[in-house]
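A short worksheet on the structure shown next.
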Amino acid sequence: MTTAPPSPPFTLPDQVTNTLRSQGYALLCPSSVASLIDCDLAELEALKPSWNELALDKYLKDGGHYRRRRHSSFVVKGSEVTQVPHRAHWQPTEYNALHGGMKRLFEPMAPATVNQPVWSRLVAAVGEICTAVKASQPWYVEAHQFRIDTAGGIGRPTPEGAHRDGVDFVAILFVGRVNVKGGETRVFEAAGTNGQRFTLTEPWTLLLLDDERVIHETTPIQPTDSAGHRDTLVLTYRANGFQE
């Protein structure tokens, strides 16, 4: 008998800030995300085709070819979202033992993606939640489009394992999955024993994490039919500048 994946513990829209403060993470269903951004889900769907145009991640130290991505950086001041000149992504080994300590210059996000009106509203809306929790501005935001595929049999959304990102907040927007099983999301207290696990299946579900308080990971995916994939957008919010 097949066991159903754990159901996501959704947070009501008016409780997002309090929930993020109290437990270090909050999860919004797609309709709540649309309400947060003040958009129709169709506007978010307009972003989706860009995931078919991601470049291969050439930096995977495990030798895999299962990850495609694009990366761009922004500064958020209130409702103002400004893209900065293209820059490399860098993390210290303290937070990423596998890929930390090296500059990784990925292909930038396509102009057609960041020029969609919903894009700036999304990035700014998450920034407003971050400000409500920690009262900091501006926010230095790195945006990562990911596609994890199973052409080689197994795809690893988090090859570095359970981790923090070395920022203030992380927002994981689930974009979709096709012909895969696995991919369970796990969130744990960084300084405790409590945790939560669930599987994201509805496109435009949003997971918000206080990166100082929790660690997170997503388990590997495997194909259920022909080669499948899992798509996400990861936004990291950091006060006082980008990690350099």
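Worth pointing out:
- Listed conditions (1) more than 26 Å from E184 (Cα to Cα); (2) at pLDDT 90 or above; (3) of a type outside the set (F, W, Y); (4) open to solvent by 70 Å² or more (accessible area, probe 1.4 Å) are all met by P108, apart from (4).
- Within segment 49-59, one or more residues are aromatic (F, W, Y) and part of a helix (DSSP H, G or I).
- Checked against (1) in a strand (DSSP E or B); (2) more than 14 Å from the chain's Cα centre (by Cα); (3) under 21 Å from T17 (Cβ atoms), L206 passes all but condition (2).
- Condition check for T93: modelled with pLDDT of 95 or more, β-branched (V, I, T) and open to solvent by 20 Å² or more (accessible area, probe 1.4 Å): no
- Residue match in segment 180-187 (condition: of a type outside the set (V, I, T) and under 11 Å from the mean Cα position of the chain (by Cα)): no
- Qualifying residues in segment 67-85 (those that are in a strand (DSSP E or B) and more than 30 Å from P220 (Cα to Cα)) - the one most open to solvent (accessible area, probe 1.4 Å): K77
- The number of residues in segment 165-202 being open to solvent by 60 Å² or more (accessible area, probe 1.4 Å), among the hydrophobic types (A, V, I, L, M, F, W, C) and within 26 Å of I37 (Cβ to Cβ) comes to 1.
- Test: residue in segment 204-227 that is touching a residue at least 40 places away in the same chain (Cβ under 8 Å), of a type in the set (S, T, N, Q) and touching a helix residue (DSSP H, G or I) at 6+ places or on another chain (Cβ under 9 Å): yes
- Hits in segment 30-58 (condition: open to solvent by 20 Å² or more (accessible area, probe 1.4 Å) and either within 15 Å of the chain's Cα centre (by Cα) or under 22 Å from A227 (Cα atoms) (or both)): K48, P49, N52, E53, A55, L56, K58
- Among residues of segment 224-238 being at pLDDT below 95 and either of a type outside the set (V, I, T) or surrounded by 18 or more Cβ atoms within 10 Å (Cβ to Cβ) (or both), the one that is nearest to V75 (Cα to Cα) is G228.
- Taken over segment 114-164, residues that are under 18 Å from V75 (Cβ atoms), open to solvent by less than 10 Å² (accessible area, probe 1.4 Å) and β-branched (V, I, T) amount to 3.
- Residue in segment 35-49 that is of a type outside the set (A, V, I, L, M, F, W, C), without any contact (Cβ under 8 Å) to a residue 40 or more places away in the chain and touching a helix residue (DSSP H, G or I) at 6+ places or on another chain (Cβ under 6 Å) present: yes
The values are calculated or read from the model by the stated rules, or taken from the named source; none is laboratory data. This one's a predicted model, so the numbers in the text were calculated from it and none came from an experiment. In this analysis, Cβ positions are derived from the backbone assuming ideal geometry, glycine residues included, and neighbour counts consider all displayed protein chains. These area figures cover heavy atoms from the full protein model, side chains too; ligands, DNA and RNA do not enter into them. Shrake-Rupley method; radii C 1.70, N 1.55, O 1.52, S 1.80 Å.
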